[in-house]
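*Asks:* Pasting a structure below so you can have a look.
Rule-based calculations on the coordinates, nothing more; no lab input. All values reported here derive from a predicted model rather than from experimental measurement. Glycine also receives a Cβ, built like all others from the backbone with ideal geometry; neighbour counts cover every protein chain displayed.
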Amino acid sequence: MSGLRAESSSSAPAENAGPESFFETLRDTFEQAGARAGSSERWFTIGGETVKLRFAGPALQPLIAPALEHLAVGSANAPALTVCFWDSSSTDTRMPAPPWPTTAYGRRGEIIGYNTDRFRSVYQHGVNALHMFDAHRRIALYWVAGAGQIPYWERSFPMRTILHWWTQGRALQLMHAGAVGGPSGGVLIAGKSGSGKSTTTLACLDAGMLYAGDDYVLTRVEPEPLVHSVYGTAKLAPDNLRRFPHLRRFVSNPDCLAEEKAMIFLKDVCPAQLVRSFPVRALLLPRVTGRRDTAVRRATPIACLEALAPTTIFHLPGSGHDAFRKMSLLSRSVPGYILDAGTDLEQIPQAIRGLLEGGPS
Amino acid sequence: MPDGNLRYRPNTPKVIYETYDDEVVLINMDSGNYYSLNRTAGRAWASIERRATAQEIAQELCRDYDCDGAQVEEELLRFVKELHQEGLIVPDEDAAPAPAAPAAVPAAQRPLFSPPVLQKFSDMADLLLLDPIHEVDENGWPHQPPPPGN
C-alpha cells in the first residue's frame, strides 16, 4: 500500500536543502501529521537512559512499542533520546520529496551528503523507511509511507539504526547478539542468523534463566562489560517451533509462518525473566552440531570478533570503525567459548550455567 | 605476479581491521566481504602496515621460520596479490622504507613455515544494495521489495 498522495505538483524537492534544513522540514511534517491524525507518546528506559517515543497517527505504535514493552516507564522529564514516528497513510499527510538524487543512496542505505558529524540519514531499503537523527538535540525521525510496509523482523527490533546512532561516541554499542544469564552475570551469544542464537536463548529461558535478548542487545564495553536488554522478543524458524511446543500459543504471527519466522513477545510468556541488564561474563559462539550432547570449548578473541562484528556492522548503516573497536575491546576483555549445541536442549543451559560458575566442564 | 619490491598500505578507511596475537579480522566496507588471517598472514599484515615489500616480508619470515626462501617469497607474492585483488591494500609508492625487522629467532627454535592464508567470507555481501535505485514512487521515494528475513 502506498500512503503517498498523488499531489506531485506540490512535492517538488527542496532544492539544495541540506540535512539540517530537511530535518526541520520533516519535523514540521511530523507535527502536522500529529495535529491531523492525533498523537501519543510512550516512555522507556533503554541502556539505563530515558527514551521518549512520539507517534503521529494510530498505525505505528502497535508495531513499534510491543518489542520494548518490558522497558516501559511512566512519563519523565528531559529524555536522553526522542524518536518521532509517523506514516503517511494513516495520517493522510504528504511526505516532502527527497532533496537528494536517486544516486545518493549508499550500499547500506546511507544517504550521501546527509551524514555529517551532527546529522545521520538512512533510507532502509525493503522497509522503505527514512530515518534521520540529530546528534546535537538527540532527536530522531522515523517515517514510513504505510504501516503495512513494516516487515515482521522490523517489529522484532524496531529503530535499531536509530539506537545505534544514539550510542555512537559512547561506550555503548548495539550488537547482533543474544544474552542470557543470572543476577550476577551472563553470556553474550554472538553469531549471524542460523547460528543457533535463538535456540540457545530459548533453551535457557525454559530453564528459568534471565533473558536480555535473542538478536540485538546494547552492550556497554567499559569499564566493566554490561549488557542492556532492548527488545523483549524471540524469533524462531517455524520448523524449530516443534522443539518449543509450549511457545506455539504465544506466536504473534501464526498465519504467516510460510514466509516469516515465528515471533513471540516474551512479556506475555515470562515477564519475570526479562531483565534490564546484567554483567557480561563471557562471549559464546553457538554451533548447531546435530549431535545429542552439548559441549563447550575455548574460542580465541579473534574468533569472537569474527562472529560478532561483521554481522553487526553490515546490519547497522553508519557503523564502522568505532563499532568494530568496541566489539574488539569486548572480545579481549571477556573469555570466549564455542558452544557445540546438542539436540538435548536441557544440556544447553546446564553448560552455560557451568561456564558462569567457573569455566567449562 | 606483482612486483615484490612494491610497497602497499592497508586500504583504510574502506577496510577496517583488528589484530590480536598475530591473528587479524578485516572487513571490506565497500564489498561486504570479511576476512581472517592466520598467524603467518597476520605477521605479513603487520609488516605491510610498516610498508614492507613482499620481498622484505619474505626475508623477515625466513629469519623466523624453518623454511625454503624461494617458497616463502613465492607465497608472499601470492598473498600480497590476493590482498590487492580483494581491495584490502593499495600501492603506497611514496612510503618510506620499512623500519628494521624484528630480531631473528635462533635457528634451533624456528618453527616450520606455514603459508599465509587469507580466508574470505562473503555471506554479508547480500546485505548491501548492489544495484542503483531505479524504482521511485510519485514523490521520489524508492520502492524496493523487502529483503528476506533478518
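*Asks:* So, in nm, how far is label A:Asn77 from label B:Glu135 when the simple model puts each one 7 Å beyond its Cα toward the Cβ?
*Replies:* Once both label points are built, they end up 5.0 nm from each other.
*Asks:* Starting from the Cα of A:Glu24, step 7 Å along the direction of its Cβ; do the same at B:Ala107; then give the gap between the two resulting points in nm.
*Replies:* So the label points at A:Glu24 and B:Ala107 sit 7.7 nm apart.
*Asks:* Another question about this same structure. Hey, got the dipole for region B:1-77? About the Cα centre, +1 on K and R Cβ, -1 on D and E Cβ, debye to the nearest 20?
*Replies:* 400
*Asks:* Add -39500 (n - 2.57) for each DSSP H run of 4 or more in the protein assembly as shown, then divide by its residues: what number comes out at 222 nm, to the nearest 500 deg cm²/dmol?
*Replies:* Calculated from helices alone, the mean residue ellipticity at 222 nm is -7500 deg cm²/dmol.
*Asks:* Rounded to whole Hz and in sequence order, give me ³J(HN,Hα) for region B:108-122 from the Karplus expression 6.51 cos²θ - 1.76 cosθ + 1.60, θ = phi - 60°, writing x for Gly and Pro.
*Replies:* Per-residue couplings from phi come out as 5, 9, 6, x, 5, 5, 10, x, x, 10, 9, 9, 10, 10, 10 Hz.
*Asks:* Residue by residue through region A:221-231, what is 3J(HN,Hα) from phi via Karplus (6.51 cos²θ - 1.76 cosθ + 1.60, θ = phi - 60°)? Round to whole Hz and write x for glycine and proline.
*Replies:* Values, residue by residue: 8, 8, x, 10, x, 9, 9, 10, 6, 10, 10 Hz.
*Asks:* Here's a follow-up. Based on the Cβ-Cβ distance of A:Ser184 and A:Asp239, what FRET efficiency does E = 1/(1 + (r/R0)^6) give at R0 = 30 Å, to the nearest 0.05?
*Replies:* After rounding, the FRET efficiency stands at 0.30.
*Asks:* Would you kindly derive the ³J(HN,Hα) couplings of region B:33-40 from the backbone phi angles with the Karplus curve 6.51 cos²θ - 1.76 cosθ + 1.60 (θ = phi - 60°), listing them in order in whole Hz, with x for Gly and Pro?
*Replies:* 3J(HN,Hα) across region B:33-40, in whole Hz: 7, 9, 9, 10, 10, 6, 5, 4.
*Asks:* Can you pull the Kirkwood radius for region B:12-79, inverse mean 1/r over Cα pairs, to one decimal in Å?
*Replies:* Answer for region B:12-79: a Kirkwood hydrodynamic radius of 12.6 Å.
*Asks:* Here's another thing I want to ask about it. Along the Cα-to-C-beta direction of A:Arg325, a point sits 7 Å from the Cα; which residues of region A:165-192 have their amide N less than 18 Å from that point?
*Replies:* Taking a point 7 Å out along Cα→Cβ of A:Arg325, the residues of region A:165-192 whose backbone N falls under 18 Å are A:165-175.
*Asks:* Is the shape of chain A best called rounded, prolate or oblate, per the rule: a/c under 1.5 gives rounded, else a/b larger than b/c gives prolate, else oblate, with a ≥ b ≥ c the square roots of the Cα gyration tensor eigenvalues?
*Replies:* Judged from the Cα gyration tensor, chain A comes out prolate (a/c at least 1.5, a/b above b/c).
*Asks:* Right, something else. Could you tell me which helices of chain A pass both thresholds, a Cα extent of 20 Å or more along their own axis and a mean Kyte-Doolittle hydropathy of at least 0.0, with helices taken as whole DSSP H runs?
*Replies:* A:301-315
*Asks:* I would also like to ask the following. Amide H to amide H under 5 Å from B:Leu118: which residues, 5+ apart in sequence or cross-chain, H placed 1.01 Å off N in plane?
*Replies:* Here the answer is none, since no amide H 5 or more places off falls under 5 Å of that of B:Leu118.
*Asks:* Another one. Ratio to report: Rg/Rh of region A:172-356, with Cα atoms as the point set and Rh obtained by the Kirkwood method; give two decimals.
*Replies:* Rounded to two decimals, Rg/Rh equals 0.94.
*Asks:* For B:Arg78, A:Arg292, what's the fewest-to-most ordering of other Cβ within 10 Å of each Cβ?
*Replies:* A:Arg292, B:Arg78
*Asks:* Suppose R0 equals 45 Å. What FRET efficiency, 1/(1 + (r/R0)^6) with r the Cβ-Cβ distance, do B:Asn5 and A:Ala171 give to the nearest 0.05?
*Replies:* 0.55
*Asks:* Identify the GluC sites (Glu not before Pro) of region B:17-108 meeting these criteria: DSSP loop state and at most 10 other C-beta atoms within 10 Å of the C-beta.
*Replies:* B:Glu93
*Asks:* A:Thr219's amide H: which non-local residues (gap 5+, or another chain) put their own amide H closer than 5 Å, with H modeled 1.01 Å from N in plane and none for Pro or chain starts?
*Replies:* A:Gln173, A:Leu174, A:Met175, A:His228
*Asks:* Provide A:Trp153, B:Trp141 in ascending order of the number of other Cβ atoms located within 10 Å of each residue's Cβ, fewest first.
*Replies:* A:Trp153, B:Trp141
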